[in-house]
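S.K.: Structure below; questions to follow.
Since every read-out is calculated from the coordinates, none of them should be taken as a lab result. Only a predicted model underlies this, so the values are computations on that prediction, with no experimental measurement involved. Cβ placement follows ideal geometry from the backbone for every residue including glycine, while neighbour counts extend to all protein chains displayed.
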Amino acid sequence: MGSFTPDATRALPGAGWLTERRAAAAERFAVAALPTPAEEAWRYSRIDQLDLDRYRPGVAGGAGTFVGPSVERAATVRVLNGVVVGLDLDATYAAKGLVVADIATLAEAPEALGVAADGSPDAFTVLNDAFLAGGTLISVPDGMVVEHPIVVEHWIAGAGGASFPRTVVAMGEDSEAHVLERFTSGGDDHLVVPVTELSVGDAARLRFVGMQDHGPRIWQIALVRATVGRDATLRASAVALGGDYARLRSEALLTGAGASSEMVAVYFANEHQMLDFRTLQDHDAPHTTSELLFKGAVEDEAESVYSGLVRLRPDAQRANATQTNRNLVLSEGASAKSIPNLEIECDDVRCSHASAVGPIDPDQLYYLATRGVPPDVAERLIVFGFFEDAIDRLAFGAGADRLRAAVTRKFDARRCCHPDSVNGGQEKPPNA
Amino acid sequence: MATTELDLGRYKLGWSDPEQYVFKPRKGLNADIVKEMSWMKGEPDWMTRFRLRALSLFERKPMLDWFARNMPTIDFDDVYYYIKPTSGQVNDWDMLPDSVKATYEKLGIPEAERKFLAGVTAQYESEVVYHKNRSELEDQGVLFTDMDTAVREWPDLVKPHFGSIIPPNDNKFAALNSAVWSGGSFIYVPPNTHVEMPLQAYFRINAENMGQFERTLIIVDEGSSVHYVEGCSAPIYTGDSLHSAVVEIIAKPGANVRYSTIQNWSPNVYNLVTKRAKAEAEATVSWVDGNLGSKLTMKYPAVYLTGPKAHGEVLSVAYAGAGQHQDAGAKMIHAAPETTSLIESKSISKDGGRTTYRGLVRVDPGCHKTKSHVRCDALILDEDSRSDTYPYMEIEEQDARIGHEATVSKVGEDQLFYLMARGLTEQQATAMIVNGFIEPVVKTLPMEYAIELSRLIELSMEGAVG
């Protein structure tokens with residue numbers, strides 16, 4: 001347990017309800033065991049390399065480096081190591097009743113806090129409950145359409161620190177919003193355990209993009225969990241590029257008839273990174289639809305894990321679910337694990353899944369070579385083509401361009417190029 | 001309709017004959033029973049030691065949580081581990097006791113024999129009581145016998161390979177089987193020999209609370225080929241029976257081995273089987289697996305592709321009716337370059353039955369240019385039934401090309417409508433669609449088995465409403 005004791009949580013500032021809530025969670029954490037790779041949910045993970053004693057909560061993160069706004073926004077929240085440090089809410093939206101607030105400043109617990117996460121707790125969500133500094137509450141009133149994006153920018157910094165960001169999105173009936181949550185960090189060795197809860201009310205539409213471009217020494221264990229009500233639509237996307245070990249558990253529980261979810265992810269791991277995804281499409285109502293598309297590339301000695309479950313419970317008659325995971329393995333030594341699972345407990349459904357792991361198709365390279373495209377350029381084109389349908393579905397406009405640029409950076413960082421390319425597959429010089 | 005109505009809950013081959021046994025020891029398991037059993041069989045010393053070592057491994061290995069959860073009712077001390085049915089082995093059909101003969105006649109074995117199947121080894125309880133090989137097999141130098149005989153007569157072939165693919169410490173049930181095994185088949189095919197006709201064995205369990213632990217070893221030498229067929233059918237009983245077989249296949253370079261099973265144990269049998277094959281360079285091993293019976297089957301035929309260009313296949317059909325859980329799958333371990341594998345699984349669940357596909361495709365580092373394709377399709381025929389798919393893929397090599405596809409659906413309404421518009425009843429149409437669904441696997445079976453499998457599925461399907 002190291003620094004993560006009930007005493008440590010009592011020392012944290014905050015309103016009465018918050019300190020009580022934290023203390024109760026800290027008591028639960030004190031008796032909880034950390035997971036091991038022997039548990040199915042942690043199989044293939046690097047959880048046995050986690051040494052909690054190396055980290056302590058509440059490490060100062062300096063001033064933080066935040067990306068300036070590139071488009072007009074309804075609200076921007078700046079969060080440093082899980083603490084809200086800046087909040088701009090467009091006055092027009094505020095007047096109409098849109099709430100974007102720091103949870104730590106609220107007089108009482110927001111209703112949506114814990115609703116989604118408590119449905120499927122693990123040791124790390126309990127740890128987040130015990131040490132959250134506050135976090136962002138986004139509450140969209142019934143019937144409101146928020147046309148401009150709401151952006152939550154996280155910066156993680158401070159060697160040996162542990163941060164517990166929390167974001168809660170509550171969508172009222174028939175409301176609509178677009179929320180972007182972005183994590184960036186410097187080169188510090190830091191543990192970050194974010195929990196993001198999305199409650200999508202009846203007939204509401206939420207588009208959520210969670211993106212992480214962490215520094216190379218970050219350990220991330222994240223949860224994004226959504227409940228989707230009757231006739232509501234959730235589009236929850238993820239982009240994962242950084243971190244030493246970065247895990248994301250992404251879950252959508254379809255609780256109302258006619259609810260639908262779409263989960264799309266793009267990930268790219270290189271060097272010794274491990275990107276670890278666990279997904280759940282949980283259908284608990286009739287006529288529900290879910291779609292999942294996870295596309296990733298691994299390079300150098302990097303590893304990726306995709307383990308997903310589609311569960312159609314007995315009530316999910318007439319449900320339709322698809323699950324697709326595709327992995328490109330770009331170099332010798334990299335590896336991708338793919339475990340797409342189905343549990344079907346009703347008959348009048350359509351459900352399919354597909355997964356693939358493989359290298360760049362040599363036929364495609366050959367085709368491009370016959371058109372005079374050098375192999376390293378051809379590889380880049382093919383990798384971009386591979387990601388493009390997912391990028392197209394998860395982002396748009398400037399966001400999509402920024403995402404393409406991030407993938408380009410990742411691709412250009414490759415240590416070794418194609419064996420047939422100009423410099424014959426030698427290591428690139430340090431300044432290349 | 002009324003004339004064709006069948007009671008689905010009734011087990012079709014569920015008669016049982018009065019028990020007449022030469023030797024029937026106490027229930028339970030200990031070193032004395034194992035020693036006594038080995039002595040009764042007249043086994044060499046090394047086998048007795050092998051059994052005792054396996055027994056101590058079985059006792060030491062902890063019972064796994066998932067197993068205990070799945071099978072709360074199993075009691076290892078309430079099982080007969082060895083029963084010797086008649087005083088010796090016979091090789092003429094007419095010398096069999098009438099009750100045993102009657103059992104087989106109901107299963108159609110003499111017809112199968114008449115149809116020139118290459119050899120028949122019928123297992124009644126633990127010992128192979130009837131055995132006959134066609135003389136041409138002997139001329140080719142092919143050995144096809146029961147495992148007990150092989151241990152006594154061919155120790156030079158058996159000893160180095162027995163337990164080499166599935167060692168007793170592999171899992172708790174392999175240890176149990178290694179300690180108390182009895183019967184099963186032994187096949188040796190010498191180099192460059194093609195066995196044209198399928199070799200066939202039929203297994204039955206008859207005594208209540210009787211464990212059957214057959215042990216099969218198939219060695220196919222360089223450049224040879226063989227197709228071994230095994231069908232299982234057990235009569236119905238109220239107590240729980242345990243079936244835990246071990247099957248080892250060694251395919252030497254260039255060999256081609258196909259192992260086909262239809263399992264139709266009665267719905268009180270726990271069927272926990274370890275099946276594993278080693279395919280050396282350019283060898284092909286395929287498992288064709290039909291799982292229709294038993295209360296719970298857990299069976300994941302594996303192929304270890306240890307030589308370059310080896311190929312492995314698992315084709316399986318599973319049917320789970322009321323109270324049944326078919327937890328079947330496949331394992332492909334690509335441990336050499338340019339190896340390929342194919343897994344095709346078709347499952348059907350009905351009346352609250354549950355089918356599970358659980359599989360693993362692993363590509364070890366350095367195994368270049370491997371390919372694998374996995375396809376699992378499931379049909380769910382009513383709202384009480386359930387289907388799960390757990391396909392694991394562990395790919396440690398960059399240029400491996402691995403694909404997986406699965407679909408779960410009910411019988412298509414359009415297809416039903418089309419057939420019913422042509423005058424078929426809903427039941428006939430459903431049975432036809434289901435037979436079409438399993439066709440890709442069924443067509444790989446020898447004809448008698450393909451017909452038997454289709455017929456069994458059709459029988460189980462009667463009364464189904466899509």
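S.K.: On full extension of the chain, what length is gained from A:ASP142 through A:TRP17, given 0.36 nm per residue of separation minus the C-alpha to C-alpha distance? Let's see the in-between values first.
M.R.: Numbers: separation 125, 0.36 × 125 = 45.00 nm, distance 2.64 nm.
The span from A:ASP142 to A:TRP17 would gain 42.4 nm if fully extended.
S.K.: I've got another one for you. With labels modelled as points extended 7 Å from the Cα through the Cβ direction, what inter-label distance (nm, one decimal) is found for A:GLU332 paired with A:ARG393?
M.R.: 3.5
S.K.: Next question, about the same structure. Sort A:HIS154, B:HIS194 so the one with the fewest other Cβ atoms within 10 Å of its own Cβ comes first.
M.R.: So the ranking, lowest neighbour count to highest, is B:HIS194, A:HIS154.
S.K.: Within 10 Å of each residue's Cβ, count the other Cβ atoms and sort B:VAL285, A:VAL151 from fewest upward. Write down the numbers at each step before the final one.
M.R.: On the way: B:VAL285 30, A:VAL151 24.
Final ranking by Cβ density, sparse to dense: A:VAL151, B:VAL285.
S.K.: At 222 nm, what helix-only mean residue ellipticity would chain A give, in deg cm²/dmol to the nearest 500, using -39500 (n - 2.57) for each DSSP H run of four or more?
M.R.: Values: 7 runs with 81 residues, N = 432.
The helix-only estimate for chain A comes to -6000 deg cm²/dmol at 222 nm.
S.K.: At a Förster radius of 41 Å, what calculated FRET efficiency corresponds to the Cβ-Cβ distance of A:ALA159 and B:HIS368, to the nearest 0.05?
M.R.: Details: r = 42 Å, r/R0 = 1.01.
Calculated transfer efficiency: 0.50.
S.K.: For B:MET40, A:MET171, what's the fewest-to-most ordering of other Cβ within 10 Å of each Cβ?
M.R.: Details: B:MET40 15, A:MET171 32.
Fewest to most other Cβ atoms nearby, the residues stand as B:MET40, A:MET171.
S.K.: Taking θ = phi - 60°, what integer Hz values does the Karplus form 6.51 cos²θ - 1.76 cosθ + 1.60 yield along the stretch B:366-378, in sequence order, with x for Gly and Pro?
M.R.: Coupling constants for the stretch B:366-378: x, 8, 6, 6, 8, 9, 8, 9, 10, 9, 10, 10, 10 Hz.
S.K.: Okay, moving on. Quote the FRET efficiency, to the nearest 0.05, computed for A:ASP376 versus B:GLU153 with a Förster distance R0 of 56 Å and r equal to the Cβ-Cβ distance. Let's see the in-between values first.
M.R.: On the way: r = 64 Å, r/R0 = 1.15.
E(calc), rounded to 0.05, equals 0.30.
S.K.: A further question on this structure: List the aspartates and glutamates whose Cα lies under 19 Å from the Cα of B:LYS309, skipping any in the same chain that are fewer than 8 positions away.
M.R.: Partners found: B:ASP221, B:GLU222, B:GLU280, B:GLU282, B:GLU338, B:ASP364, B:GLU396, B:GLU397, B:ASP399.
S.K.: Apply the Karplus parameterisation 6.51 cos²θ - 1.76 cosθ + 1.60, with θ equal to phi minus 60°, to every residue of the stretch A:346-357 and state each ³J(HN,Hα) to the nearest whole Hz, in sequence, with x for glycine and proline.
M.R.: Result, rounded to whole Hz: 8, 9, 8, 9, 10, 8, 8, 9, 8, 8, 8, 9.
S.K.: Given H placed on each backbone N at 1.01 Å, which residues far from B:ALA255 in sequence or on other chains put an amide H within less than 5 Å of it?
M.R.: So B:ALA255 has HN proximity to B:GLY223, B:SER224, B:ALA283, B:THR284.
S.K.: Next question. Which ³J(HN,Hα) values in Hz, rounded to whole numbers, follow from the phi angles of the stretch A:132-148 under the Karplus curve 6.51 cos²θ - 1.76 cosθ + 1.60, where θ = phi - 60° and Gly and Pro get x?
M.R.: These are the phi-based 3J(HN,Hα) values: 5, 7, x, x, 9, 10, 10, 10, 9, x, 3, x, 7, 10, 8, 6, 9 Hz.
S.K.: Count the lysine pairs in chain A whose Cα atoms lie under 29 Å apart, taking only pairs 8 or more positions apart in sequence or on different chains.
M.R.: Numbers: A:LYS295/A:LYS337; A:LYS295/A:LYS410; A:LYS295/A:LYS428; A:LYS337/A:LYS410; A:LYS337/A:LYS428; A:LYS410/A:LYS428.
For chain A, the number of qualifying lysine pairs is 6.
S.K.: Mind listing the long-range amide H neighbours of A:ALA319? Cut-off is under 5 Å, sequence gap 5 or more, other chains count too, H placed in the peptide plane at 1.01 Å from N.
M.R.: Under 5 Å from the amide H of A:ALA319: A:HIS287, A:THR288, A:ARG350.
S.K.: Simple spin-label model, 7 Å along Cα-to-Cβ: B:ASP65 to A:GLN364 in nm?
M.R.: 4.1
S.K.: What is the spin-label model distance, in nm, from A:VAL71 to A:ASP401 if the labels are put 7 Å beyond Cα along the C-beta direction?
M.R.: Spacing of the two 7 Å Cα→Cβ label points: 1.1 nm.
S.K.: Out of all DSSP beta bridges with both ends in chain A, state the antiparallel percent to the nearest 5. Before the final figure, lay out the partial values.
M.R.: Values: 11 of 144 bridges.
In chain A, DSSP labels about 10 percent of beta bridges as antiparallel.
S.K.: With r as the distance between the Cβ atoms of A:HIS272 and B:GLU136 and R0 = 56 Å, compute the FRET efficiency 1/(1 + (r/R0)^6) and round to 0.05. It would help to have the intermediate numbers written out before the result.
M.R.: Numbers: r = 61 Å, r/R0 = 1.09.
After rounding to 0.05, the efficiency reads 0.40.
S.K.: Something else about it: Once amide H atoms are placed 1.01 Å from N in the peptide plane, what residues at a sequence separation of 5 or more from B:ALA318, or on another chain, have their amide H within under 5 Å of its amide H?
M.R.: Amide H to amide H, under 5 Å and 5 or more residues apart or across chains, B:ALA318 pairs with B:ASN291, B:LYS346, B:SER347, B:ILE348.
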